[in-house]
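The values are calculated or read from the model by the stated rules, or taken from the named source; none is laboratory data. None of these values were measured; they are calculated from a predicted model. No Cβ is skipped: glycine too gets one built from the backbone with ideal geometry, and neighbour counts run over all protein chains shown.
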Ligand code: SAM
Ligand code: SF4
């Protein structure tokens, strides 16, 4: 498939043709990664952030956010719960901090989580741009996957979405470093950003391929009223955002085949059945929120974040039902690593 093919698929408007695309993507998913859905219980443990991305609700300059940091005990309690419930893996996510206290805190948490069940929980980190030294520390402590979205592969657009000090090349270098260190590396973009074109999205998919990425965590851009980017949006069309999000998942599956693709929360923010639709369009990973309900409201990247009041237990049962309804099963107790990572030549970074 070349750029034109990707553009053609992403531009489909005919309902039957879109349905055909989703079916094709589902077949490829069955063939290359199977129909087991893997859970990554996500713990959004802090919303302190030194960055000021124009789209994000917890950006540094949003003074109406109540800032929080979960304690070590609270994080470990959530991790223990994930283990007891046979979640194979979890994700630690937070706003970005690069200070020594934070780096050491995370290192300690990773080591403690690895002690639960004798290292049986896989750990994915989503903690933004860090130095090679910090990434290495966390890898050696036991984290083995890292998710860092490039947000958009279009440099000019990237700069419009961020203050001048946030550099595209720095983010790109971080991705390269993560791969070099041996992390299963995930990236992704926001879909349906102001000024983003279909060509940009096709280029994003080519970027994933050229970077030999193992996991994709991408989702529709969703408005947050208290952000600078919201002012650039005249009319936010949830249906359009959802459809483009699903088409990107499907085309990514058709194009990249053996990578893990997440059906992200943003899909559900736009449609109550958004995440099931993501699975049916080719995704194979779901990230149920397992952090304490108390903190959810303070971790709103965008408006209408779903499951704000559901405890981890309710989330798990709810997801299980959702997965079964579409005829799939949950890979309990398994890491569900990206087949692409296993297949890729580790000597070539
Ligand atoms: N701070 C880390 C980072 O930026 O990589 C990790 C946490 S950050 C909240 C995770 C992701 O949230 C970002 O990569 C971004 O794509 C996504 N995000 C932020 N604001 C969003 C919005 N308004 N709509 C959709 N996704 C958003
Ligand atoms: Fe901070 Fe990440 Fe939000 Fe940017 S996207 S403001 S780095 S939490």
### Task
Collect the residues in the stretch 161-191 that are part of a loop (DSSP other than H, G, I, E, B) and touching a strand residue (DSSP E or B) at 6+ places or on another chain (Cβ under 7 Å), keeping them in residue-number order.
183, 188
### Query
Got at least one residue in the stretch 52-75 being more than 16 Å from ligand 1 (Cβ to nearest atom), assigned to a loop (DSSP other than H, G, I, E, B) and either at positive phi or buried (at least 20 other Cβ atoms within 10 Å of the Cβ) (or both)?
no
### Message
Out of everything in the stretch 159-172 that is in contact (Cβ under 8 Å) with a residue 12 or more places away in the chain and within 13 Å of ligand 2 (Cβ to nearest atom), what residue ends up being surrounded by the most Cβ atoms within 10 Å (Cβ to Cβ)?
### Response
161
### Task
Report yes if some residue within the stretch 88-107 is within 16 Å of ligand 1 (Cβ to nearest atom), farther than 17 Å from residue 295 by Cα, assigned to a loop (DSSP other than H, G, I, E, B) and free of Cβ contacts under 8 Å to residues at least 40 places away in the same chain; otherwise report no.
yes
### Summary
Residues of the stretch 139-159 being within 18 Å of residue 120 (Cβ to Cβ) and in a loop (DSSP other than H, G, I, E, B), in sequence order, are 142, 143, 144
### Query
In the stretch 298-309, how many residues are touching a strand residue (DSSP E or B) at 6+ places or on another chain (Cβ under 8 Å) and surrounded by fewer than 20 Cβ atoms within 10 Å (Cβ to Cβ)?
1
## Note on the structure
Among residues of the stretch 267-297 being part of a loop (DSSP other than H, G, I, E, B) and more than 14 Å from the chain's Cα centre (by Cα), the residue surrounded by the fewest Cβ atoms within 10 Å (Cβ to Cβ) is 272
### Task
Give me the pairs, please: first residue somewhere in the stretch 314-333 and in a helix (DSSP H, G or I), second residue anywhere and surrounded by fewer than 19 Cβ atoms within 10 Å (Cβ to Cβ) and at pLDDT 80 or above, beta-carbon distance under 9 Å, and either six or more positions apart or on two chains.
316/85; 322/273; 323/329
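One line per residue, one yes/no per condition, for (1) modelled with pLDDT of 95 or more; (2) touching a helix residue (DSSP H, G or I) at 6+ places or on another chain (Cβ under 7 Å); (3) buried (at least 22 other Cβ atoms within 10 Å of the Cβ):
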{"site": "199", "(1), (2), (3)": "yes, yes, no"}
{"site": "232", "(1), (2), (3)": "no, no, no"}
{"site": "239", "(1), (2), (3)": "yes, no, no"}
{"site": "257", "(1), (2), (3)": "yes, yes, no"}
{"site": "263", "(1), (2), (3)": "yes, yes, yes"}
### Summary
Note: among 246, 147, 205, just one is touching a residue at least 60 places away in the same chain (Cβ under 8 Å) and within 12 Å of ligand 1 (Cβ to nearest atom), namely 147
### Query
Does residue 213 satisfy the criteria of being within 28 Å of residue 146 (Cβ to Cβ), away from ligand 2 (no atom under 16 Å from the Cβ) and surrounded by fewer than 19 Cβ atoms within 10 Å (Cβ to Cβ)?
no
